[in-house]
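The values are calculated or read from the model by the stated rules, or taken from the named source; none is laboratory data. Predicted model, so just to flag it, every value in this text is computed and none were measured. All Cβ positions, glycine included, derive from the backbone under ideal geometry; neighbour counts span all protein chains shown. Note: areas computed on protein heavy atoms with side chains; ligands, DNA, RNA excluded. Shrake-Rupley method; radii C 1.70, N 1.55, O 1.52, S 1.80 Å.
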Amino acid sequence: MKILITGGAGFIGSHLVEKLLEEGNEISVIDNLSTGKYSNIIHLIKDPNFKYTLDSILNREILKKLIKECNQVYHMAAAVGVKYIIDNPLLSLRTNIVGTENVLEFANKYKKKVLLASTSEIYGKSNKMPFEEEDDRLLGSTHITRWSYSASKAIDEFLALAYYREKKLPIVIVRCFNTVGPRQIGQYGMVIPKFVRNALLNHPITVYGDGKQSRCFCDVDDVTDGMIKLMNCKKAEGGIFNIGTDKDITIEELAQKIKKMTNSRSKIEYIKYEDAYEEGFEDMRSRKPDLSKIKKFIEYKPKYDLDQVLEKIINYFEK
Ligand code: UDP
């Protein structure tokens with residue numbers, strides 16, 4: 001099968017590319033390397049089943065041609081990372097909203113199935129735990145840039161659902177919770193690559209707030225496996241699915257664990273949110289997916305626990 005992966009040079013996208021190539025598919029990637037990296041796909045460039053286009057999903061002509069040529073689209077291209085969104089609010093909104101509209105418009109024109117990568121940011125700062133797909137969302141003021149990401153991805157979901165309902169375009173929406181693994185970088189704010197890198201360099205590990213906030217970190221291998229199964233599950237069409245793991249850890253415990261696993265001499269420092277991000281920044285105290293829906297549709301059981309994925313990430317950074 002011919003598969004287009006937008007954002008295929010990104011962290012999750014590049015793992016998806018490898019998996020789908022291994023399955024014997026022909027893969028085409030479009031990525032403008034805004035947050036993706038050429039080094040994530042360089043080892044695939046000589047593969048005759050792999051094609052890379054250096055461009056943005058805002059380039060409609062190129063995107064149209066690439067979608068016409070494929071059978072399925074994994075739409076992974078998006079502005080991601082809390083810090084990246086806060087530093088680049090305008091470009092993030094345009095990429096997430098206009099870019100997704102472009103993908104859906106052309107996918108509809110040529111009737112190609114789309115998997116839309118969405119996010120747990122959708123749920124906002126709601127205290128209900130765990131999050132179920134049908135839950136209400138709770139967002140803060142529009143003065144707080146963080147919420148623009150949640151709002152932009154919600155528009156993406158509305159668009160995909162509208163194409164499904166009005167135009168019968170087959171789509172499936174996947175809400176990724178904290179996904180981690182080799183190739184993720186800390187530059188855009190993601191906590192695990194930041195902590196591992198700093199621990200290995202014996203630099204301070206910076207815990208924001210009181211460190212009692214918690215997250216569930218899932219191995220990218222498990223997330224991409226689940227995505228491929230959902231894409232190929234007829235019953236899942238038109239549906240929204242949480243994906244990730246439901247084993248949580250506080251950020252303070254995470255810092256201690258990484259320090260121990262790397263035998264690091266780093267100090268663990270506590271920093272105010274305002275100093276780390278922007279004035280008025282709001283964080284989620286916890287974030288955990290309810291995974292019952294995905295388990296009803298596909299065989300889904302994450303294979304790796306946090307210690308195993310941390311091992312992989314530490315090895316990656318050591319290299
Ligand atoms: N965080 C932290 N120190 C850092 C980077 C992040 O304490 O250097 C915290 C952040 O405030 C949040 C958690 O780690 O509570 C996860 O952050 P990340 O940006 O990785 O993901 P998200 O906030 O989207 O869950």
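222 nm [θ] for the chain, helices only, -39500 (n - 2.57) per DSSP H run of 4+, per residue, to 500?
Working: 12 runs with 121 residues, N = 319.
Computed ellipticity for the chain at 222 nm equals -11000 deg cm²/dmol.
As a test of reading the structure, rank Phe217, Phe158 by solvent-accessible area (1.4 Å probe, protein chains only), most first. Intermediate results must be reported in sequence, preceding the final value.
Details: Phe217 15, Phe158 140 Å².
Sorted descending by solvent-accessible area, the residues read Phe158, Phe217.
As a test of reading the structure, rank Tyr38, Tyr208 by solvent-accessible area (1.4 Å probe, protein chains only), most first. Present the calculation step by step, with values, prior to reporting the outcome.
Values: Tyr38 95, Tyr208 40 Å².
Heavy-atom accessible area, descending, gives Tyr38, Tyr208.
Using just the C-alpha positions of segment 1-155 as equal point scatterers, what log10 of I(q)/I(0) does the Debye formula give at each q in 0.21 1/Å?
Taken in order of the listed q values, log10 I(q)/I(0) reads -1.29.
Report the extension gain between Lys260 and Leu201 in nm, rounded to one decimal, defined as 0.36 nm multiplied by the number of residues separating them, less their alpha carbon distance. Working shown, then result.
Values: separation 59, 0.36 × 59 = 21.24 nm, distance 1.35 nm.
Difference between extended and current length: 19.9 nm.
Note the angle between two axes, namely the Cα long axis of helix 191-200 and the longest principal axis of the Cα atoms of the chain, as a number of degrees from 0 to 90, rounded to the nearest 10.
The angle comes out near 50 degrees.
For the chain, what's the relative contact order in percent, using C-alpha pairs closer than 8 Å and at least 6 residues apart? It would help to have the intermediate numbers written out before the result.
Details: 627 pairs, mean separation 55.9, N = 319.
This gives 18 percent for the chain.
Can you flag which of Lys68/Lys167; Lys83/Lys247; Lys19/Lys113 are past 22 Å Cα-Cα? Can you show the working numbers first?
Working: Lys68/Lys167 17 Å; Lys83/Lys247 25 Å; Lys19/Lys113 18 Å.
Too far apart for the 22 Å limit: Lys83/Lys247.
Could you work out how much longer the chain between Asn49 and Lys37 gets when fully extended? Use 0.36 nm per residue separation minus the Cα distance between them, nm to one decimal. Could the numbers behind the result be given before it?
On the way: separation 12, 0.36 × 12 = 4.32 nm, distance 1.97 nm.
Here the answer is 2.3 nm.
Could you identify which residue out of His15, His143, His75 has the top mean-square fluctuation in a GNM of the chain using Cα springs shorter than 10 Å?
Result: His143 has the largest fluctuation of those listed.
Compute, for Asp55, the solvent-accessible surface of its heavy atoms (probe 1.4 Å) with the complete set of protein chains present, and express it in square angstrom to the nearest 10.
Estimated to the nearest 10 Å², Asp55 gives 40 Å².
Give the accessible area for Asp225 in Å² (nearest 10); use a 1.4 Å probe, count only protein heavy atoms, and leave out ligands, DNA and RNA.
Answer for Asp225: close to 50 Å² accessible.
Alpha carbon centre of segment 254-279 versus segment 1-69: separation in Å?
What the calculation gives is 34 Å, centre to centre.
With a cut-off of at most 16 other beta carbons within 10 Å, and DSSP calling the residue loop, which trypsin sites (Lys or Arg not before Pro) in segment 34-69 qualify? Please list them.
Numbers: sites: Lys37, Lys46, Lys51, Arg60, Lys64, Lys65, Lys68; in loops: Lys37, Lys46.
Passing sites in segment 34-69 are Lys37, Lys46.
For the full complex of protein chains and a 1.4 angstrom probe, list Glu278, Glu134, Glu269 by accessible area with the highest value first.
Values: Glu278 35, Glu134 150, Glu269 65 Å².
The residues order as Glu134, Glu269, Glu278, largest area first.
For the chain, take N as its residue count and report Rg(C-alpha) divided by 2.2 N^0.38 Å.
0.96
Run through segment 245-302 and list the chymotrypsin sites (Phe, Trp or Tyr not before Pro) located in a DSSP loop whose Cβ has at most 14 other Cβ atoms within 10 Å. Write out the running numbers ahead of the final one.
Details: sites: Tyr270, Tyr273, Tyr277, Phe281, Phe297, Tyr300; in loops: Tyr277, Phe281, Tyr300.
Within segment 245-302, no chymotrypsin sites (Phe, Trp or Tyr not before Pro) qualify (loop, at most 14 other Cβ atoms within 10 Å).
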